[in-house]
């Protein structure tokens, strides 16, 4: 993963977490909404920390792809909750829109990282058939070699 990719990852995670914190402040007026939303936000935050840690240790693209996919799933859970309960919880539409925009960026990043992981893979196939055949002697073989 490049430095540019790491910065993009950290920006993405920070944006999603900021939206989640803004939402938590909004739903704090309704304790039932906060209790239902807090586990979703906590899951996204923990997955975001995993991405950050993977970025810091320069994890391979395959691992980053998996982690970003899991983070995207947690974002989708938050978005679905908000779409279903925004009126009851008094959540402004802009918060849902922020999370949706963040999810779109996450998905675009996931596609890039996963594509990079696929490009770096070794070709899969029959390596035996790829080896060059040993050079064969031309001419007589067997007992005739002794006559020379």
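Since every read-out is calculated from the coordinates, none of them should be taken as a lab result. Every value quoted in this text rests on a predicted model; they were computed, and no experiment measured them. Note that each Cβ is placed from the backbone with ideal geometry, even for glycine, and that neighbours are counted across all protein chains shown.
Calculated FRET efficiency, residue 73 and residue 36, Cβ-Cβ r, R0 25 Å, to nearest 0.05?
Values: r = 18 Å, r/R0 = 0.70.
Efficiency computed from Cβ-Cβ geometry: 0.90.
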Expected output is a single nm value to one decimal: the length gained when fully extending between residue 80 and residue 115, i.e. 0.36 nm times separation in residues minus the C-alpha distance. What is it? 9.9 nm
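What order do you get for 88, 45 when you list them from fewest to most C-beta neighbours inside 10 Å? Let's see the in-between values first.
Values: 88 12, 45 17.
With the sparsest Cβ surroundings first, the list reads 88, 45.
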